[in-house]
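Everything on this sheet refers to the single structure shown next.
The values are calculated or read from the model by the stated rules, or taken from the named source; none is laboratory data. Keep in mind that what you see is a predicted model, and the values were worked out from it rather than measured. Cβ sites come from the backbone with ideal geometry, for glycine too, and all protein chains shown count toward neighbours.
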């Protein structure tokens, strides 16, 4: 995924920028970066954060960098922010999103004449550099940003910093958030709304879909108004968002309590576990909601070991991720032995980690393990955000099961049935997943319940990964 933070202040802003970016560390795992502008011009630092927290890598930079304008990011993939010199002037840029038509846009740039990009070590071109090149195809920054929003198939939210301020642009359909904070002598812009609270900022406003603004120390200027259509990612509430954040006015933690409550109502006493537990960390709030609604005690039958494994997902290798998942969770055998457990996780993607978690609960003496994912079955790979490392939809356990049931050629009408919780195909898929992962029972959160848990108009929420509807 990735997250961003920016500050425009009447004084040096580097320390606030540093802490604001650090508060986005849960959104990315590979790169962190800061760029500032002040009396000495532009300055930038980028570090690899795969094996060390953002704070430790940037301690020295905070002492050396100066500026009253700054932007930065935590990134899953590309090194950023980038510093660009162009016919539109010099600027720094950082992005969050996904470009499905990358090759087509690259050809479009080459078609207009000689152009070159710096290759990264994996031979790929930095997506943020491509976005910068697209911006520079127009006669002004605002026209260029608007062109990017229209040209990108996928999603694109960005911060662009010049000597005159910070341009903030939310994705055309608002798939990712972009919120502005304010205090007496500064404004900030952030992916996560909680990131500026302890820095003394209060909520100013969220940008609307496709909206472009320029942020200066003394105010926020609308350069391109918001569009009407919004499709914000529902998975932000289910998994990615930090509990203290809110999107479109809906707090993440409260939404997760709502999810758990609705899961309990659907069970309605059909299972009788001794305790309810959440897979740390993103399943915990859902489990609290289930416990509060059902009256079944909440407990922690395993604890995540955070001193040496603080990050929720570090390596790019699936084998390494599975090993680390096992290393992080330590069982509390006194709460497991001879107990019937109801376990809530945010989702089931491949199913490997949850299967291993279930097996270690059985080995620790559990009598039953009932599983309740806090979202519907993931049937489609996300086209709009890099929320999963899956390289193919066939890595999803749902699609593997569907292929076993239907063969290699699966039509959209059939997938629609597998997404329908009232269909026979849906029931067969769940039973097969339950059997493969060795759960006592399995019940997913329904899509209509998920939308009710969020509580904004369903037409404003992206549910593509569950139902394939754009």
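Go through 404, 409 for me and flag whichever is exposed (fewer than 15 other Cβ atoms within 10 Å of the Cβ), farther than 30 Å from residue 209 by Cβ, more than 25 Å from the chain's Cα centre (by Cα) and touching a residue at least 24 places away in the same chain (Cβ under 8 Å). Write out each step before concluding.
Values: 409 fails: touching a residue at least 24 places away in the same chain (Cβ under 8 Å).
Testing whether each residue is exposed (fewer than 15 other Cβ atoms within 10 Å of the Cβ), farther than 30 Å from residue 209 by Cβ, more than 25 Å from the chain's Cα centre (by Cα) and touching a residue at least 24 places away in the same chain (Cβ under 8 Å) leaves just 404.
With the structure loaded, tell me whether residue 199 is touching a strand residue (DSSP E or B) at 6+ places or on another chain (Cβ under 7 Å) and within 26 Å of residue 25 (Cβ to Cβ) or whether it fails that test.
Here the answer is no, as residue 199 does not meet what is asked.
Yes or no, residue by residue, for (1) in contact (Cβ under 8 Å) with a residue 24 or more places away in the chain; (2) loosely packed, with under 14 Cβ neighbours inside 10 Å; (3) assigned by TED's automatic domain parsing to the domain that holds residue 285:
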position: 424; (1), (2), (3): no, yes, yes
position: 437; (1), (2), (3): yes, no, yes
position: 442; (1), (2), (3): yes, no, yes
position: 448; (1), (2), (3): no, yes, yes
position: 452; (1), (2), (3): yes, yes, yes
position: 461; (1), (2), (3): yes, no, yes
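Please specify each residue of region 212-236 satisfying the condition of being in contact with a strand residue (DSSP E or B) (Cβ under 8 Å, 6 or more places away or on another chain) and more than 30 Å from residue 347 (Cβ to Cβ).
Answer for region 212-236, where residues must be in contact with a strand residue (DSSP E or B) (Cβ under 8 Å, 6 or more places away or on another chain) and more than 30 Å from residue 347 (Cβ to Cβ): 212, 213, 214, 215, 216, 217, 219, 220, 221, 222, 223, 224.
Quick one: which residue in 225, 209 is surrounded by fewer than 17 Cβ atoms within 10 Å (Cβ to Cβ) and farther than 22 Å from residue 21 by Cβ?
Matching residue, one of 225, 209: 225.
What is the number of the single condition among (1) buried (at least 17 other Cβ atoms within 10 Å of the Cβ); (2) out of contact with any strand residue (DSSP E or B) (no Cβ under 6 Å at 6 or more places or on another chain); (3) more than 21 Å from residue 18 (Cα to Cα) that residue 176 does not meet?
So the condition that residue 176 fails would be (2).
Return the only residue of 451, 437 being closer than 17 Å to residue 350 by Cα and in contact with a strand residue (DSSP E or B) (Cβ under 8 Å, 6 or more places away or on another chain).
Details: 451 fails: closer than 17 Å to residue 350 by Cα.
Result of the check over 451, 437: 437.
Quick one: residue 80 ticks every box in (1) over 27 Å from residue 200 (Cα atoms); (2) assigned to a loop (DSSP other than H, G, I, E, B) bar one, so which box is it?
The single condition residue 80 does not satisfy is (1).
Please indicate, with yes or no, whether at least one residue in region 425-440 is closer than 26 Å to residue 257 by Cβ and over 29 Å from the mean Cα position of the chain (by Cα).
Checked region 425-440: at least one residue is closer than 26 Å to residue 257 by Cβ and over 29 Å from the mean Cα position of the chain (by Cα).
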